[in-house]
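The values are calculated or read from the model by the stated rules, or taken from the named source; none is laboratory data. Note that this is a predicted model, so its numbers are computed, not measured. Quick reminder, even Gly has a Cβ in these numbers, built from the backbone with ideal geometry, and neighbours come from all protein chains shown.
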Amino acid sequence: MPTAPAASLYEVVLAIHIIAVVVAFGVTFAYPIMFAVAARQDPRGLPLLHRIEYTIERMLVNPGLLLVVIAGVYLASKGHYWSDFFVQWGLGAVVVIGALVGSVMIPTSKRAEQIATRDLAAGGGGETRVELSDEYRALVRRLTRVGTLLSVLVLVTIFFMATHTGA
Ligand code: HEM
């Protein structure tokens, strides 16, 4: 029976690159559903969701992004892709993603956690129907806008990576 040839190191690193993309960004596409369900069903869960959001960004998105870059650098060097558009786009994308996660997403979700906690305490704490402040809504709008931009950027980057043609 013929045996399949062993995967090359390049293929293994490519698999690591793709796994890191899934681990870093997969869950982020589910955030809008989580927040919509919490806001409708029980807003008391919102502070915890914001805490989960920024903890995921610290523990999964940032390290995942680092692994994407390390594996990407190996692939670009080994495959002689440095002058290709898709690699330059990828480098730009990781810089923008890293900067927006660190300077907007993490601090804004921390602030949203604090303000939601304050609003819920002011509203009595026991009810499932509570009035959240304009300040909280403005923070959520920023998280939604920047989060959507990041999701689109990830999808466009995957498109450029997957459709590139030879060196
Ligand atoms: C958010 C950032 C990134 C995402 C989402 C991403 C995604 C992907 C995906 C899904 C593939 C597999 C494509 C396929 O096999 O058809 C891939 C391949 C690749 N990526 Fe990335 N990537 C990112 C960043 C980078 C960076 C920063 C570099 C270089 C420094 C890079 C270099 C490469 C290379 C060289 C390949 C292999 C192309 C091939 O062998 O055909 N990527 N990337």
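Checking Ala76 against (1) surrounded by 15 or more Cβ atoms within 10 Å (Cβ to Cβ); (2) modelled with pLDDT under 95, which test does it fail?
(2)
Would you say Leu149 is near the ligand (Cβ under 9 Å from one of its atoms), out of contact with any helix residue (DSSP H, G or I) (no Cβ under 7 Å at 6 or more places or on another chain) and not small (Gly, Ala, Ser)? Before the answer, list the steps.
Working: near the ligand (Cβ under 9 Å from one of its atoms): no; out of contact with any helix residue (DSSP H, G or I) (no Cβ under 7 Å at 6 or more places or on another chain): yes; not small (Gly, Ala, Ser): yes.
It is false that Leu149 is near the ligand (Cβ under 9 Å from one of its atoms), out of contact with any helix residue (DSSP H, G or I) (no Cβ under 7 Å at 6 or more places or on another chain) and not small (Gly, Ala, Ser).
Taking Val154 as meeting all but one of (1) within 16 Å of the ligand (Cβ to nearest atom); (2) more than 20 Å from the chain's Cα centre (by Cα); (3) not basic (Lys, Arg), write down the number of the exception.
(2)
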